[in-house]
Every structure is written in C-alpha cells, then in structure tokens.
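Heads up: the structure comes next, in structure tokens.
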Amino acid sequence: MLESGAGPWLTFESPAIPDRWFVHSVFDHRAHRALACVACHAGVSESRRTADVLLPGIQSCRACHSGDGGARTSCVECHEYHQWTRERDLDGPLTFGDLGLEIRPAP
C-alpha cells in the first residue's frame, strides 16, 4: 500500500488474462469505468488474488448490451471473428461459393 498526503493508495497487480479467453474478442475496462466492479464481477469484494477468475457470463453483458439496455448491441463491439475490414462488398446474389462452401450430391 502506498501512502500519500491525503491517505493510503491501494495498489493492484494487473491480472494476466490468458489469450484463450479472448481469442476473437476484445474488452476494455475503460469503457465500463462508470460501473462498480461488482456490477459485472460477482465475488470481487471477497477476492484477494488476481488469479481468481471472475469473468462475467454473457447474461451479465446482455443486461446492458441488449435492445432495452441502452449500450451498443452490435456483436462486433466485442467479437472480431472475421476481418470484416478486409472483406469485399457483395454486389450481387450470395452463393455457397462466396461462403466457402461446396455442394456435393449425397452418396
């Protein structure tokens, strides 16, 4: 704990979030800084280690990120499964080939 003229400052060790949890997604706590930690992370008040896994489930996200929640609802806000910035616009009918699919007769 650090001391300042106004009182003690708390210090926190940054959590090492494994890439496997966010392989195709992004999250920025700064966008959620107006919320209390417990709004998304149940058990955070009792946690004493940064190794504790306190990731919220999708229902926690949907409380705000839904049609009625007021926050943005586009999937690509958090999930970047496709490099959509590199994809071309379609200017005609969509085919199975456009999707990388091949149609073959049943055996």
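The values are calculated or read from the model by the stated rules, or taken from the named source; none is laboratory data. This is a predicted model, so every value here is computed, not measured. Please note: Cβ atoms are built from the backbone with ideal geometry, for glycine as well, and neighbour counts cover all protein chains shown.
Of the residues making up the range 33-54, those that are loosely packed, with under 13 Cβ neighbours inside 10 Å and under 13 Å from the mean Cα position of the chain (by Cα) number 0. Could you grab me the full set of residues in the range 10-37 that are of a type in the set (Phe, Trp, Tyr) and at pLDDT 75 or above? Once the filter is applied, which keeps residues that are of a type in the set (Phe, Trp, Tyr) and at pLDDT 75 or above, the range 10-37 yields only 27.
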